[in-house]
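Enquirer: Can you read through this structure? Questions will come right after.
The values are calculated or read from the model by the stated rules, or taken from the named source; none is laboratory data. Quantities reported herein were computed from a predicted structural model and do not represent experimental measurements. Every residue, glycine as well, gets a Cβ built from its backbone with ideal geometry; the counts of neighbours run over all protein chains shown. Heads up: the accessible areas ignore ligands, DNA and RNA and are worked out on the full protein's heavy atoms, side chains in. Shrake-Rupley method; radii C 1.70, N 1.55, O 1.52, S 1.80 Å.
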Amino acid sequence: MVTSFYLFILASLLGLTFGYLVSQKLLKLKLKEIEKKKENILEEAKKEVKEYKERIAQETKEILKKEREETSALLEKKREELKSREKELSEREFTLRDLKKELEAKENAFLRMERELEIKERTIKVKGERLDQLIKEANDRLLRIANIDEAQAKKEILKSLEEKVKMEAAQLFQQIRDEAIRSAETNAREFILQAIQRCAVSQTQESTVTTVSLPSEEIKGRIIGREGRNIRTFENLTGVEVIIDDTPGVITLSSFDPMRRAVAKLAMEKLISDGRIHPARIEEVIEMAKKDIAESVEKEGEVCTLELGLVGIHPELLSYIGKMKFRSSYGQNLLLHSKEVAHLAAIMANELQLDPATARRAGILHDIGKVADRAQEGTHAQIGAAIAQQFNEDEIIINAIASHHEEVPFTNPYSFLVAAADSISGSRPGVRRETYETYIKRITKLEAIASAIPGVERAYAIQAGREVRILVDPEKVSDTDIVLILQKVIDAYENEIKYPGQIKISVIREKKTIGYAR
């Protein structure tokens, strides 16, 4: 029993000791865990503090940047205000200078007026003395007349009246002359302004392209033809580039020459309407179109002369007038320009009691030299005068044409009127474009240089002068010669013309035989 009791006591002590050790071990683990959590909390607190500091620093930087920008903007605004005030002060300074000059000018004018008044006073005094002398002379003359007979008295009186009338006539002539000089410029300006206001001819500007509507997209393939033979024949015969692209329902005809475009458009419309499109038919239709355009040109000349009320103009001159519809000068339609010159000259002639019909005739014909054959040499005024002389126009008309650019002296008033009307029509704002005329001259020169080479039949500049197509005479030029002609054209262009980029030159030699079966 006692042994069991002791064993129980020992076991209890051991159990208590083990429990105490275990509890101490658990307590140490909990202390370590608490220590670890403490360290984690401290780390997180340090991290938060660091992030907070960084955020505060960033916000501070942004606030400082914003304040700096606002300060810079405010400074810039102040600078602008200062510049504006400085400019305003400078303008005021200039204004004050102008006012000072104006006051000085007025002061000088007052001084001049004072001097003039002094001169007038002296003049009046001299005239008074002269009048007293004349009265004395008249009294003496009366005393003499009292002692002479009637015939001598009449003679003396007539002599005195003659001298007086001569003096008054001289004074009146001088007065009329001075008044005419003062009013001549004013009246001339008034006549010109009235003419401009009453003449409202619209000005149009020709383009270098014309569009032709198509009934369907399938017709484009027929216009091009097998291996492009149809379009190539059309371009070679008309000198017009045919542009066929993805634009639906239309094709474009491009050429700097409006006459060529008119022929090409009419021919293309006839071919599309007819439906038969092949090289032989194309050549036939183009010839028909050229005749139709020639007839329309003559008809246009007749309509123009009827509109202006002109009669007796030679039919050949009517063709020249009609051709002006298809020509431009500095971007200004030549026919509309000539009609405007005719109206202006007629209005000014009417104001000056001259013949308006003669002025209109000279005005409508003054630029016909611009539509003459390019082979003729001389300025357009010289060529136009020669054409007018060839068709028996009056010398007044011939001189008006020849002198409208003052290349020859004026011989009649109508020449002055035509020159003035031409200057008015050509110098109005927006009427002319120098670049367009320069472009036309360059294109014309490209064709002229190529046409001057032996063996060349025709030369056409297309694509705004970037390409030149040359047709040679197959009877005179062989296949090997076309290479030499090509090189001659290249050399001529490089030596005589300055141009940007490059120019494509195509030399074409085609031989065809035509026969008729009966």
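Enquirer: Could you tally the net charge around residue 75, taking each other residue with its Cβ under 11 Å from the Cβ of residue 75, Lys/Arg +1 and Asp/Glu -1?
Expert: So the environment of residue 75 carries a net charge of -1.
Enquirer: How long is the gain from residue 72 to residue 102 if the chain were fully straight, where each residue apart is worth 0.36 nm and the alpha carbon distance is subtracted?
Expert: My answer for the length gained is 6.4 nm.
Enquirer: Lysines within cross-link reach of residue 100: Cα-Cα under 24 Å, excluding same-chain residues under 8 positions apart?
Expert: Straight-distance partners of residue 100: 87.
Enquirer: What residues have an amide H closer than 5 Å to that of residue 211, excluding those fewer than 5 places away on the same chain, when H is modeled at 1.01 Å from N in the peptide plane?
Expert: Amide H neighbours of residue 211, under 5 Å, 5+ apart: 253.
Enquirer: Order 387-399, 305-317 from most to least packed using the mean count of other Cβ atoms within 10 Å.
Expert: Most protected by this proxy first, the peptides run 387-399, 305-317.
Enquirer: Report the label-to-label distance for residue 213 and residue 9 in nanometres (one decimal), using points 7 Å from each Cα along the Cα→Cβ vector.
Expert: Reported label-point gap for residue 213 and residue 9 is 13.4 nm.
Enquirer: Tell me, what is the 1.4 Å probe accessible area of residue 69, in Å² to the nearest 10?
Expert: Roll a 1.4 Å probe over it and residue 69 shows about 110 Å².
Enquirer: By average Cβ neighbour count within 10 Å, what is the ranking of 478-487, 120-129 from highest down?
Expert: By packing density, highest mean first, the sequence is 478-487, 120-129.
Enquirer: Show the residues, 5+ positions off or on another chain, whose built amide H is closer than 5 Å to the amide H of residue 507.
Expert: When sequence neighbours closer than 5 places are left aside, the close amide H contacts are 470.
Enquirer: How high is the FRET efficiency between residue 50 and residue 25 when r is their beta carbon distance and R₀ equals 45 Å, given to the nearest 0.05?
Expert: For R0 = 45 Å, the calculated efficiency reads 0.75.
Enquirer: Okay, moving on. Determine which lysines satisfy two conditions relative to residue 65: a Cα distance under 21 Å, and not lying fewer than 8 residues away in the same chain.
Expert: 53, 77, 78
Enquirer: Output wanted: per-residue J couplings in Hz (rounded whole) for region 16-23, from phi through Karplus 6.51 cos²θ - 1.76 cosθ + 1.60, θ = phi - 60°, x for Gly and Pro.
Expert: Per residue, the Karplus-derived 3J(HN,Hα) values read 5, 4, 4, x, 5, 4, 4, 5 Hz.
Enquirer: Turning to a different aspect of this structure: Between residue 473 and residue 303, what is the FRET efficiency for a Förster distance of 35 Å, r being their Cβ-Cβ separation, to the nearest 0.05?
Expert: 0.35
Enquirer: For residue 457, which sequence-distant residues (separation of 5 or more, or a different chain) have an amide H within less than 5 Å of its own amide H, given hydrogens modelled in the peptide plane?
Expert: Here the answer is 471, 472, 473, since their amide H atoms fall under 5 Å of that of residue 457.
Enquirer: Moving to a separate point now. Please get the size of the charge dipole for region 1-149, origin at its Cα centre, with Cβ charges of +1 on Lys and Arg and -1 on Asp and Glu, quoted in debye to the nearest 20.
Expert: Charge dipole, region 1-149, about its Cα centre: 1040 debye, nearest 20.
Enquirer: Kindly rank 465-477, 239-251 from highest to lowest mean number of other beta carbons found within 10 Å of each residue.
Expert: Ranking the peptides 465-477, 239-251 by packing returns 465-477, 239-251.
Enquirer: Gap in Å between the Cα centre of region 44-86 and the Cα centre of region 110-130?
Expert: Cα centres, region 110-130 to region 44-86: 80 Å.
Enquirer: May I pose another question? Sum up the charges of everything whose Cβ sits under 14 Å from the Cβ of residue 488, counting Lys and Arg as +1 and Asp and Glu as -1, but leave residue 488 out.
Expert: Neighbour charge sum, excluding residue 488 itself: -4.
Enquirer: Which of the aspartates and glutamates could a cross-linker bridge to residue 47, judged by Cα under 16 Å and excluding same-chain residues fewer than eight apart?
Expert: Once the sequence-local aspartates and glutamates are set aside, what remains near residue 47 is 39.
Enquirer: Enter the mean projected area of the convex hull around the alpha-carbon atoms of region 331-407, in nm², rounded to one decimal.
Expert: So the mean shadow area of the Cα hull is 5.3 nm².
Enquirer: Please give the net charge around residue 311, taking every other residue with its beta carbon less than 12 angstrom from that of residue 311, where Lys and Arg add +1 and Asp and Glu add -1.
Expert: Net charge in that neighbourhood comes out at +1.
Enquirer: For a 20 Å ceiling on Cα separation, which of these pairs sit above it: 290/445; 270/325; 323/370?
Expert: Pairs exceeding the cut-off: 290/445; 270/325.
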